[in-house]
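Worksheet: one structure, shown below.
Please treat every number below as a calculation from the coordinates, not as lab data. Keep in mind the model is a prediction, meaning the values are calculated, not measured. No Cβ is skipped: glycine too gets one built from the backbone with ideal geometry, and neighbour counts run over all protein chains shown.
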Amino acid sequence: MTDLADLERRAAERAAARAGGEDRLRGHIVCDSLVRIFRTEGVEVMALQGLDLVVDRGELLAVVGASGSGKSTMLNILSGLDEPTAGIAKVAGYDLLGMTARRRLEYRRRIVGFVWQQTARNLLPYLTSRENVELPMRLAGKRAKNRADELLEMVGVGHRAGARPAEMSGGEQQRCAVAVALANNPEVLFADEPTGELDEATADEVFGALRTVNAELGVTVVVVTHDKAVAGQVRRAVAIRDGKTASEVRRSARVAADGSEELHTEEYAVLDRAGRLQLPSAFVEALSLRDRVRLNLETDHVEVRPGSSEEKR
Amino acid sequence: MRTLRRVRAFAGQFALLGALALLAAFLVSGPVRYADERTDTGLRGDIAALGSSARDLTFVTRKRIGVTSGVTAQDRLGEIRADLAEPLPRLVGDAWYIAGSEKSDIGYAGKAPATCPDQADLRYESGIDEAVQVTEGRAPQSRSTAEVMVRTDQAAAAGLAVGDRLTLTGRYGATELTLVGLFTARDAAAPIWADQQSAQVACPDPLEGLRYQITLLTDQSGAAVAGARLGDLDDHFRYRLDERRLTAADVNVLTTAVARARRTPPDGTVLQSSLDLTLAEFDQQVRGVEALLAVVRAGILATVAGLILLAAGLAADRRRAEFTLLRARGAAVRTVFARTLRESLLVVPPAVAAGWLAGTRVPGRPDTLEPLLVAGAAVLATLAVPVFAAYGARRPAFSGHRADAAAIRPSARRLTAEGFLVLLAAGGLYLLRRRGLDTGAGVDPYLIIAPILAALAVSILALRIVPFVLRGAGRLAARARGAVAFLGLAGAGRGAPLRSGPLAVLVVAIATGLFTGTVTSTVDHARDRAAELTVPADALVTGHYFTGDAAERVAGVPGVTGAATMTLEPGSSIRADDRVTIVQALAMVVDATTPGLDLPVALSGADRGDVVPAVVSPEVAAELGGGGSVSLQGRSYAFRVAAVRDQVAGLPAGTRRFVVLPRQAMVIPDYQPLVPNRILVRGAGFDEARVRTVADESQRDQLASVSGHPVEQWQLTLPATVTTRAAYRASLEERGVYGALSFTFTAGLAAAAALALGAVALSVLAGAPARGRILSLLRTLGLSGGQGRGLLIFEIVPMIGVAVLAGALVGIGLPELIGPALGLDGFTAGVTAGTTLDPRFAGGVPALAVLAVAAALVVENVANRRLRLGTVLRVGEEQ
């Protein structure tokens, strides 16, 4: 666990070095009241219902949510693959609303990298790992010598540089995909269920690779997953429910009384700008909260009681 | 209902399949009908232009001395007709019964016979009363003396008048006749007059000039009376082939029927007709044309069939997941087959019916194979999707199908099959070349299959060779900076660069188009050559004999820049110097320096001498040895063989035995000149009629100098004819069957081009989902729109490039390879010209390739217009 804390510190240092100062770390990714409505055959589906999210530079963030919660919609918007219906979405200073094609291309080439769930879809089957990593550089018109090998080495598949995807295991392919995503030295790396198709041990390897690049390169990493276990491996995990950020788990390293570092986990509910709050479903179920609740303002907290407590009694 | 819903769900795929089925049904009916119609029209035109002796079937009673016709056999006309072999009774239009004599000398009663009297045949002919208009006197009503009537123009020529009492003297007797009437034909063009044209023939003694041959018409009793006295009257049963009822399909069986009528004519008669020869010639032409058309049609149909298979394969592939799911839920392969068959049955048969209906609206004669081909198209298009679907569902891939290198590597079984196909094609071409066309009826199926096999074989070879080339190019591109070339070539060289299906279809289409183009330009070129050989100047004047100064006279005509005389003497005797051989050959004597003749320098630069250099044909050279002497117009000229040539300009095409002597080098005495019978005219814009007049003046002077008395124009045996090279070239195109040829070639070219584009579009469409997926990934990696299009070009260009190369190889090579089997000489007046390709066609192919790339970009743009990148990449949705 100390590794994690150490990595986080290094990531912050690298990110600060990249950004040019500690004060520039805030708000690397900003989503404000993000709304995305899909219309299919006359039916409107509100995938994002005013989502707020701020990610700092150099953070390793997990976005957790059940299927259909809107996490992938959010990621697509942040990746520049989709456009929000309303709200603000900014990544590294790029306003993702109304980007021109040229700017979008530049955004993809310079700012972001992607890793997708399906291992086979991240890599071109007829290119070797090295060629796959070199490809984004070629597309951007630049080619740094040895960078591909360095990246492959960094994610732990340096020995497979000459192999084609079909000759590699799923974990190796996915780690190679991380290297591909980093080829053009992006500021942000988005990973959509990067371990979804992998077994636990392999998933750990891939996640390890993500943590390494976060720490070594100071890249902001956003991992979308429905795997709650992943949340335990990052400093900050944001849960999305029904198109909104519902809660957040923060883990911080503290020095214990005996001098060793220990990790401290706290779960927060997220209060949006309008003052709305989503109660954890476990709380709602435990007290059978329905329709109306009573709120009492105390000196240092707000109390929530079931609305029909008299009847129960 | 559920089937209908499914069809609606996959409307695009079924619409494509339906459209192709419709197209196939239309192509096997409509254009074929039209081409057949053109062939028939041409054939009818050719038959209509024939003389009566060549197109009529005339049975004449066998001559027995002392037996003459009783002029009573009119009833046999119908009987004989009914007994003729099929299809003759059906094709015979008008029929006439004639009791007629041979040509006999006309004399005037009471006058001494002339030395070269005009001649006439006496005849009674059924149906004549309705065909004539008596203009002077009356129609014959013979009693004891036969009364006759004569057409006014013939009476004028022979100097006959109403009231003349004539004698007709034949081989076996003589009879008196009274000319009681003159008539004109109600319809001069009516076929009844076709064998009654007056003619002018030379007298037995050439110095006596010419005489007329006319026809004297009498009534039934007159014919009987006069015939008995003349000792010469035969029954003729004349049947006219009605060309309007004739189709090219009849020609073969008709030839057989006529030949049979010749072998076993009706009792006591013989057949007098050259119809079977005429028909045999046509049959050969029609068969040649049909062989060519069959190759083109087969190429086009194979392309359409290939497109149907591609479309069906695409449809089955897009629904692979559905079929896999069905199988997973317990459906048998049979169930998948039946399910898709029901869908196909809803779409394909109506489409085929519509196509056929449209085809039948095209005027023309349906081909005998038409129903079979339509049924074939229907079966193919109906079963294609079910078979593909069932095949795919046989081993359902529940985890998605592999697209990696192992799946792409061809199996040993496949390689063996491909090798076998290549061997089959090579063997087929070799055998076809050796064997030539099947001489049996109809089109040789081998001829149809061999070119398609060749195209397929070449496409397979390309399929196996090209990846190596691409891989090499890819290695080069990997070192360069750009991403598109590297990516495109890497994908093409290491993945599955070419799908065998689209490539094969494309190669067949392009090969068909180029084959068509090559044959067209080869035939054109050979015809140009034929025109150059036959008319080795701007015009050729043909006559009986001209004066020696005819060239100077013709050169005086305005517009003529030069003229040279030439003597052609068929059947001249040549005596070999060192062998006891006498050879017969066509002798040609001409000033060897005349431009356009292209004679060897040995002749054009020859010095005057007693032994002149000569060009001879290989056959003559073989028989003659080193030299000899040729007898020309009563004088012997010695020559030595200076060159051996297959063809010499100025000789009729196909002349196999000839000797050509340089006139300018020959010692020709003034007292025994070599009289010319051809004049080569150079110049432009001269008046042909004027040239003819001048030439005829020369002919008259020549004849006058020989006969010693003045000669009138009408006395010329062979009035001069002027054939310009342009007119001769044009006449080569006018043969009836060529109409169908040029139509099919034009249509074939257009169809091949359109289908090639269709194949490109279909293959782009087939690869669109996979490409969409890869493009999506690449877009997230920073691929720009322009780079995306560049990538498509890199994917498409190898296929189109390879298809064009392979297609060109087959298309241009085929006429060369199977040339002997095609018999192209038949279309070029016997001249063989090497295979040539018009630069326009050669340039058209790259143009088509560029168009194909453009079409591919458009299709790709439509197919992957909305790249929903996120969805494609995350969910793996392909559509």
- [ ] Take every Cα-Cα pair in the protein assembly as shown and report what % of them are more than 54 Å apart.
- [x] 49 percent
- [ ] Sticking with the crude label model, points 7 Å out along Cα→Cβ, report the distance from B:Gln633 to A:Ala166 in nm, one decimal please.
- [x] 8.5 nm
- [ ] Give a quick list of trypsin sites (Lys or Arg not before Pro) in the stretch B:315-373 that DSSP marks as loop, anything other than H, G, I, E or B, with at most 16 other Cβ atoms within 10 Å.
- [x] B:Arg329
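Would you mind telling me the antiparallel percentage of the DSSP bridges in chain B, rounded to 5?
Working: 74 of 97 bridges.
Rounded to the nearest five, the antiparallel share is 75 percent.
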Task: Neighbouring partner chain Cβ atoms per residue of A:131-137, average, 10 Å criterion - done: 4
TODO: Report, as an integer, the average count of C-beta atoms from other chains found within 10 Å of each Cβ along A:178-188.
DONE: 1
- [ ] May I ask you to order B:287-299, B:479-491 by the average number of other C-beta atoms within 10 Å around their residues, highest value first?
- [x] B:287-299, B:479-491
- [ ] Return, for the Cα atoms of chain B, the radius of gyration and Dmax in Å, separated by a comma.
- [x] 36.7, 120
TODO: Starting from the Cα coordinates of chain A, work out the convex hull volume and express it per residue in Å³.
DONE: 188 Å³
- [ ] Counting only C-alpha contacts under 8 Å and six or more residues apart, can you give the relative contact order of the stretch B:97-138 as a whole percent?
- [x] 45 percent
TODO: Quantify how much of the Cα-Cα distance distribution of the stretch B:462-564 extends past 16 Å, in percent.
DONE: 75 percent
Task: Cα Rg over Rh - the stretch B:539-639, Kirkwood - done: 1.00
- [ ] Would you calculate, for the protein assembly as shown, the mean residue ellipticity at 222 nm contributed by helices, counting each DSSP H stretch of 4 or more residues as -39,500 (n - 2.57) and dividing by all residues, to the nearest 500?
- [x] -15500 deg cm²/dmol
Open item on the list: Quick check: the angle from helix B:839-863's long axis to the longest principal axis of chain B, C-alpha only, nearest 10 degrees?
Closed with: 30 degrees
Open item on the list: Using a 10 Å cut-off around each Cβ, can you sort A:Lys244, A:Lys145, A:Lys90 from fewest to most neighbouring Cβ atoms?
Closed with: A:Lys145, A:Lys90, A:Lys244
Task: Amide H contacts of B:Thr724 (H built 1.01 Å from N, under 5 Å, at least 5 apart or other chain) - done: B:Leu540
TODO: Give the relative contact order (percent, whole number) for chain A; include only Cα pairs under 8 Å separated by 6+ residues.
DONE: 21 percent
TODO: Using only the alpha carbon atoms of the stretch A:176-271, find the Kirkwood hydrodynamic radius as the inverse mean reciprocal pair distance, in angstroms to one decimal.
DONE: 14.9 Å
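Can you sort B:Cys203, B:Cys116, A:Cys31, A:Cys176 from fewest to most other Cβ atoms within 10 Å of each residue's own Cβ?
Numbers: B:Cys203 13, B:Cys116 16, A:Cys31 23, A:Cys176 30.
In increasing order of surrounding Cβ atoms, one gets B:Cys203, B:Cys116, A:Cys31, A:Cys176.
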TODO: Determine the shielding of peptide A:110-116 by partner chains: average, over its residues, the number of Cβ atoms on other chains within 10 angstrom of each Cβ.
DONE: 3
TODO: Quote the relative contact order of chain B in percent (integer), defining contacts as alpha-carbon pairs under 8 Å separated by 6+ residues.
DONE: 16 percent
Open item on the list: If I require 24 Å or longer along the helix axis, counting alpha carbons, and a Kyte-Doolittle average no lower than 0.0, what helices from chain A are left? Use full DSSP H segments.
Closed with: A:200-217
Task: Residue exposure sequence - B:Met566, A:Met168 - by fewest surrounding Cβ within 10 Å - done: A:Met168, B:Met566
Task: Set of lysines with alpha-carbon distance to B:Lys63 below 26 Å, sequence-local pairs under 8 removed - done: B:Lys103
- [ ] Starting with the highest mean, order B:635-644, B:723-732 by the number of other Cβ atoms within 10 Å, averaged over the residues of each peptide.
- [x] B:635-644, B:723-732
Task: No Cys partner within the rule (Cβ under 4.7 Å), the protein assembly as shown - done: A:Cys31, A:Cys176
TODO: With the Cα gyration tensor of the stretch B:554-610 in hand, convert its eigenvalues to equivalent ellipsoid semi-axes via √(5λ) and list them largest first in whole Å.
DONE: 29, 15, 9
Task: Packing-based ranking, highest mean first, of B:98-105, B:554-561 given that Cβ atoms within 10 Å are counted - done: B:98-105, B:554-561
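For the stretch B:1-142, compute the orientation-averaged projected area of the C-alpha convex hull (one quarter of its surface), in nm².
Convex hull of Cα atoms, orientation-averaged projection: 18.7 nm².
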Task: Under 11 Å, Cβ to Cβ, from B:Ala54 - net charge with Lys/Arg +1 and Asp/Glu -1 - done: -3
